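Chemist: Got a structure for you, questions after.
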Amino acid sequence: MAIKKVIEHPANVLSTPCAEVTEINEDIITLLDDLYDTMVEYDGVGIAAPQIDVALRVAIVELGEERDVLEMINPTVIETDGAEVDVEGCLSFPGLYGEVERPEYVKIEACDREGRVYELEAGGFDARAILHEIDHLDGVLFDSKIQRVLTEEELEAMYAEEEE
């Protein structure tokens, strides 16, 4: 396990669709562990393999208040519903925050580190985080979905309201 450098925009690996994982082996297990360590170090809620310069369909997200770690290998979106605009940021775009519209609900299928296929349903912030990371695996960056960039003052005011 290791903390990796987060790749920042512009970098080709970020805008290139990732390859499917064909075998879950020690390299993939190490990649999952490195993603987790890196996400924690950079204070993220999710991270995808291309963000540490690995062009494979692997990502992780922390879910819910308990911040349970969801490991996704070869995730695919099965279903979405609703729409919600909320503020997003991205480790690969330090200092950039904007309003992005995403589905309020998502159902995905993916593999875990044991190679077991699972389905997962998520809503609200969890759905947003999952879809943001799957976008990374498809070479889609959040800056292309921003409807409005937030100023530093707006961001600080938002955080101040949340703390009250």
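Chemist: Over the range 74-130, what is the mean sequence separation of C-alpha contacts under 8 Å (at least six apart), divided by residue count, expressed as relative contact order in percent?
Modeler: Working: 96 pairs, mean separation 19.1, N = 57.
About 33 percent, as a whole number.
Chemist: 5 Å is the cut-off here: which amide hydrogens, built 1.01 Å from N in the peptide plane, fall below it relative to GLU104, excluding neighbours closer than 5 in sequence?
Modeler: Those lying under 5 Å, H to H, from GLU104 are ASP81, GLY82, ALA83, GLU84.
Chemist: What percent do you get for the relative contact order of the chain when only Cα pairs under 8 Å and 6+ apart count? Each step should come with its number before you reach the end.
Modeler: Working: 319 pairs, mean separation 39.9, N = 164.
Worked out over the chain, it gives 24 percent.
Chemist: Excluding HIS136 itself, calculate the net charge of residues whose Cβ lies under 14 Å from the Cβ of HIS136, where each Lys or Arg counts +1 and each Asp or Glu counts -1.
Modeler: Details: positive: ARG57, ARG102, ARG128, LYS145; negative: GLU8, ASP53, GLU88, GLU133, ASP135, ASP138, ASP143.
Cβ neighbours under 14 Å give a net charge of -3.
Chemist: Is the range 77-139 rounded, prolate or oblate when judged by the Cα gyration tensor, a ≥ b ≥ c being the square roots of its eigenvalues, rounded requiring a/c under 1.5 and prolate requiring a/b larger than b/c? Before the final figure, lay out each step's value.
Modeler: On the way: a/c = 2.70, a/b = 1.43, b/c = 1.89.
Since a/c reaches 1.5 but b/c is at least a/b, the shape of the range 77-139 is classed as oblate.
Chemist: Can you pull out the trypsin sites (Lys or Arg not before Pro) in the range 94-156 whose DSSP state is coil and whose Cβ has at most 11 other Cβ atoms within 10 Å?
Modeler: On the way: sites: LYS107, ARG113, ARG116, ARG128, LYS145, ARG148; in loops: ARG113, ARG116, LYS145.
Passing sites in the range 94-156 are ARG116.
Chemist: So, for the chain, what is the accessible surface per residue at a probe of 1.4 Å, expressed in square angstrom?
Modeler: On the way: 8730 Å² over 164 residues.
Accessible surface, normalised per residue, equals 53 Å².
Chemist: Let a ≥ b ≥ c be the square roots of the eigenvalues of the Cα gyration tensor of the range 51-95; is it rounded (a/c under 1.5), or, if not, prolate (a/b larger than b/c) or oblate?
Modeler: Details: a/c = 1.35, a/b = 1.10, b/c = 1.22.
It comes out rounded by the Cα gyration axes.
Chemist: Grab the beta carbon distance between SER15 and GLU154, set R0 = 30 Å, and tell me the FRET efficiency rounded to 0.05.
Modeler: Details: r = 27 Å, r/R0 = 0.91.
Result of the calculation: an efficiency of 0.65.
Chemist: Whole-Hz ³J(HN,Hα) for each residue in the range 105-117, computed from phi via Karplus 6.51 cos²θ - 1.76 cosθ + 1.60 with θ = phi - 60°, x for glycine and proline: what do you get?
Modeler: 9, 9, 10, 10, 10, 7, 10, 9, 5, 8, x, 7, 7
Chemist: Mind running the shape call on the range 3-101? Use the C-alpha gyration tensor, a ≥ b ≥ c as the square roots of the eigenvalues: rounded below 1.5 for a/c, prolate if a/b tops b/c, oblate otherwise.
Modeler: Details: a/c = 1.38, a/b = 1.23, b/c = 1.12.
Verdict is rounded for the range 3-101.
Chemist: Next up: Mind jotting down the distance between the C-alpha centroids of the range 34-103 and the range 116-164, whole Å?
Modeler: 8 Å
The values are calculated or read from the model by the stated rules, or taken from the named source; none is laboratory data. This structure is a prediction, so every number in the text was calculated from the model and none was measured. Virtual Cβ from ideal backbone geometry, glycine too; neighbours counted across all protein chains shown. Quick note on the areas: whole protein, heavy atoms, side chains included, nothing else; ligands and nucleic acids left out. Shrake-Rupley method; radii C 1.70, N 1.55, O 1.52, S 1.80 Å.
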